[in-house]
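The values are calculated or read from the model by the stated rules, or taken from the named source; none is laboratory data. In this text the structure is predicted, and so the values were computed from the model without any measurement. Note: ideal-geometry Cβ built from the backbone for every residue, glycine included; neighbour counts use all protein chains shown.
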Amino acid sequence: MTDAERTAVEFTFAGAPVRAWSGDTVAMALWAAGHLALRRSSRDGAARGVFCSMGVCYDCLVRVDGETLRACTTLVRAGMLVEPGGKP
């Protein structure tokens, strides 16, 4: 996808609107918008965010329209509802 083909999209993260570009992953869109903590560790409550950025780890888990997914491998789409995630 060329830059000329990308369009602006908006989705919601934790109740706040986030603007992104089509073709972006949820992780990169959230990172660009300043949302670095995507979930809390179930063990000690520490903030977790993007770590491997290629779908190997589970640090960037979020809930997208009710389904737990890795933010680094999920593409944004207009109107999606994204919430901080937890363990699968």
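List of remarks:
- Where strands (runs of 3 or more DSSP E) fall entirely within the chain, none has at least 3 residues that are of a type outside the set (A, V, I, L, M, F, W, C) and surrounded by 14 or more Cβ atoms within 10 Å (Cβ to Cβ).
- Tally of residues being under 14 Å from residue 61 (Cβ atoms), free of Cβ contacts under 8 Å to residues at least 60 places away in the same chain and of a type in the set (Phe, Trp, Tyr) across segment 1-42: 0
Let's see how each residue does on (1) within 17 Å of residue 82 (Cβ to Cβ); (2) modelled with pLDDT of 95 or more; (3) of a type in the set (A, V, I, L, M):
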| site | (1), (2), (3) |
| --- | --- |
| 11 | yes, yes, no |
| 24 | yes, yes, no |
| 39 | yes, no, no |
| 46 | no, no, yes |
| 52 | no, no, no |
| 58 | yes, no, no |
| 65 | yes, yes, no |
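- When each of 26, 56, 50 is tested for being in contact with a strand residue (DSSP E or B) (Cβ under 7 Å, 6 or more places away or on another chain) and not basic (Lys, Arg), the lone residue that passes is 26.
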